[in-house]
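Read the structure below first, then the notes.
What follows draws every value from the coordinates through simple rules; no lab data is involved. As the structure is a prediction and not an experimental result, all values here were calculated from the model. When we count neighbours, we look across all protein chains shown, and the Cβ atoms used for this are built from the backbone with ideal geometry, even at glycine.
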Amino acid sequence: MFGIRGRALRLLAAPLSLLLAISPAAAQGRCATAEERTAFEVRALRTELMVAWLSCRALPGRDFLPLLNGFLQRHRATLQRHDVAFMGHFARIYGGQGRTALDRYMTSLANEYSRVSMGAVSFCDDQAVLFERVAVVEPRELESFAAERAGIQTVFVPPSSCAAPATRAARRPVAKPAVQ
């Protein structure tokens, strides 16, 4: 109905709006480290899988709970390591408000995936394919798989390095390449 571009824009909209509220100078200190960026990508994949389970479980043959549990068990150590980095990002950036900011981010991310699930007729079929793919991902491959998936989904992930704030003259919108 909306295609890849529409779904990508919806996934990006809410979390990106949080970032746009930050001034360029303040954003410099809010950049994610490479480790935090990877943690965001892994968290996005995990959230997508959880929303898929919740959204599709009532459909015959689409209860992904055993596959989700298998994923969580197989990748437990990696997921725990990334949870520490993920939570650390919010604590570093927001201090005492880190948990609140993390909760808002997670709610926004889950809501965006949920909106996609409601707007795509083939969502559960697509997620069945994703679960098949993730079922064969080895623990050493999880990070690259999540990064690939995050790129496909265009989920908001903070940049791992931020350029110096642009001058007012240089702050012109940049056209995004068309998604094929």
With a Cα-only, solvent-free Debye model of the stretch 72-119, what are the log10 I(q)/I(0) values at q = 0.18, 0.21, 0.28 Å⁻¹? -0.69, -0.81, -0.92
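Rounded to the nearest 0.05, what FRET efficiency do E138 and Q97 give with R0 = 25 Å and r taken as the Cβ-Cβ distance? Could you check? Walk me through the numbers on the way to the answer.
Working: r = 37 Å, r/R0 = 1.49.
Calculated value: 0.10.
Could you tally the net charge around C124, taking each other residue with its Cβ under 14 Å from the Cβ of C124, Lys/Arg +1 and Asp/Glu -1? Kindly include the intermediate steps, with their values, before the conclusion.
Values: positive: R57, R62; negative: E48, D63, D125, D126, E132.
Combined, the nearby Lys, Arg, Asp and Glu give -3.
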Tell me the label-point distance for the pair D83, L54, using the 7 Å Cα-to-Cβ offset, in nm and rounded to one decimal. 1.7 nm
Please report the net charge: other residues with Cβ closer than 15 Å to the Cβ of G61, K and R +1, D and E -1. -2
